[in-house]
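To start, the structure itself, in structure tokens.
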Amino acid sequence: MNPELAIGIDIGGTKVAGGVVDVDGKVIQRARRDTPHRSKNPSVVEGTIVEVVAELMQYAGPETVVAVGIGAAGFVAADRATVVFAPHLSWRHEPLQAALQKRVAVPIFVDNDANAAVWAEWKFGAAQGQTHVMMITLGTGIGGGILINGQVQRGRFGIAGEFGHMQVVPGGHRCECGNRGCWEQYASGNALVREAHSLFSANSPIASDLLDSVEGVVDNLTGPLITQAARDGDPTARELLAEIGNWLGVGIANLAAAFDPGLFVIGGGVSAAGELLLSSARETFKRQLAGRGYRPEAGIVAAQLGNEAGLIGAADLARFSAQEQAD
Ligand SMILES: [Zn+2]
């Protein structure tokens, strides 16, 4: 029996994924439920989380689990209990921790999913041994996490690391946040698909192979399909990914100017493109870095823990926080 297990829960827009995580960051059991998309009723998602936790507790043996960590794609207040705003979950100032704690016997901590991911990559993945790390998760949007000297930097109000909403193009594409020209409108999975669609609507012959791959149904083209086409050598798909990588490099150069980290870890679904994305990001980064040639340059590497980083990090951070509270 291992008495140091923790449960991590990753809440996305349409699913609740959970896992039992041991002290080495290994996921030893998984559970998953779909949730109604953009459910108007927060208690539906809460009920689903409690179900997943109960199932995993049952497996692990309730007495072995020391904490539960929740990673949510949204703004989580500094108290690590309240989800202030979650664009994909219709949670507004939702006291998630209090609602769940009534129904679960071990301590619960709520965190932003990218904060959880940067912790996981630092403890168990690509950023082991680093002191100043920035995580950038490229999914439908862009998430961010900052870790300095072994501590996740959450900011005064808990909302630090929302890099996706830095403006990179004045008057540019409209963003869900209400502003224009946000970084995530140029360097995310959504941006990749939008650019492919605009090639199609321009009737560009260079997109014909890509269009054939979805049998002419434009709406069926997804980020993962574009990545696969690029891997298979499709030049247009490669160009699209290089363009996303270029915008990634622009934002990273801005972040380096502000924070001067030693390493940028790139995670999230789009990072599955690997070097097809990262090599152009590095090139642009080197070209745009302030003081280039006269300063050390941060590394830019792919995440190692894949799409389980949020779950693993949420669990391990919760275990760490529960121990801190107990001491
Ligand atoms: Zn925005």
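Observations on the structure shown:
- When residues of the range 298-327 are limited to those that are surrounded by 15 or more Cβ atoms within 10 Å (Cβ to Cβ) and of a type in the set (Asp, Glu), the one nearest to ALA6 (Cα to Cα): ASP316
- Within the range 262-280, restricting attention to residues that are open to solvent by 10 Å² or more (accessible area, probe 1.4 Å) and closer than 20 Å to GLY150 by Cβ, the residue that is farthest from the chain's Cα centre (by Cα) is GLY262.
- Flag for THR131 being open to solvent by 60 Å² or more (accessible area, probe 1.4 Å), within 16 Å of the ligand (Cβ to nearest atom), under 21 Å from the mean Cα position of the chain (by Cα) and under 18 Å from VAL265 (Cα atoms): no
- Scanning the range 212-221 for residues that are among the aliphatic types (A, V, I, L, M) and surrounded by fewer than 19 Cβ atoms within 10 Å (Cβ to Cβ), we see that the one that is nearest to the ligand (Cβ to nearest atom) is VAL218.
- The range 156-169, subset under 30 Å from SER321 (Cβ atoms) and over 18 Å from the mean Cα position of the chain (by Cα), residue nearest to the ligand (Cβ to nearest atom): PHE157
- In the range 146-165, residue most open to solvent (accessible area, probe 1.4 Å) [restricted to those that are under 23 Å from LEU89 (Cα atoms) and part of a loop (DSSP other than H, G, I, E, B)]: PHE157
- Consider the range 170-200 and keep the residues that are small (Gly, Ala, Ser) and within 16 Å of the ligand (Cβ to nearest atom). The one that is surrounded by the most Cβ atoms within 10 Å (Cβ to Cβ) is ALA187.
- Members of the range 166-193 that are free of Cβ contacts under 8 Å to residues at least 12 places away in the same chain and either among the basic types (Lys, Arg) or part of a helix (DSSP H, G or I) (or both): ARG174
- Failed item, numbered, when ASN203 is tested on (1) in contact (Cβ under 8 Å) with a residue 60 or more places away in the chain; (2) more than 16 Å from the ligand (Cβ to nearest atom); (3) surrounded by fewer than 16 Cβ atoms within 10 Å (Cβ to Cβ): (1)
- From the options ALA257, ALA253, residue that is of a type in the set (A, V, I, L, M, F, W, C), assigned to a helix (DSSP H, G or I), in contact (Cβ under 8 Å) with a residue 24 or more places away in the chain and out of contact with any Leu (no Cβ under 6 Å at 6 or more places or on another chain): ALA257
- ILE244 being surrounded by 14 or more Cβ atoms within 10 Å (Cβ to Cβ) and either part of a helix (DSSP H, G or I) or within 16 Å of the ligand (Cβ to nearest atom) (or both): yes
- For the range 260-285, residues that are outside any helix (DSSP H, G or I) and not hydrophobic (A, V, I, L, M, F, W, C) total 6.
- Single residue of ALA99, ALA126, ALA114, ALA105 found to be buried (at least 24 other Cβ atoms within 10 Å of the Cβ) and not in a strand (DSSP E or B): ALA114
The values are calculated or read from the model by the stated rules, or taken from the named source; none is laboratory data. On a predicted model such as this, the values are computed, not experimentally measured, just so you know. Glycine gets a Cβ as well: all are built from the backbone with ideal geometry, and neighbour counts include every protein chain shown. Ligands, DNA and RNA are stripped out before the accessible areas are found, and what is left, the full protein with its side chains, is counted by its heavy atoms. Shrake-Rupley method; radii C 1.70, N 1.55, O 1.52, S 1.80 Å.
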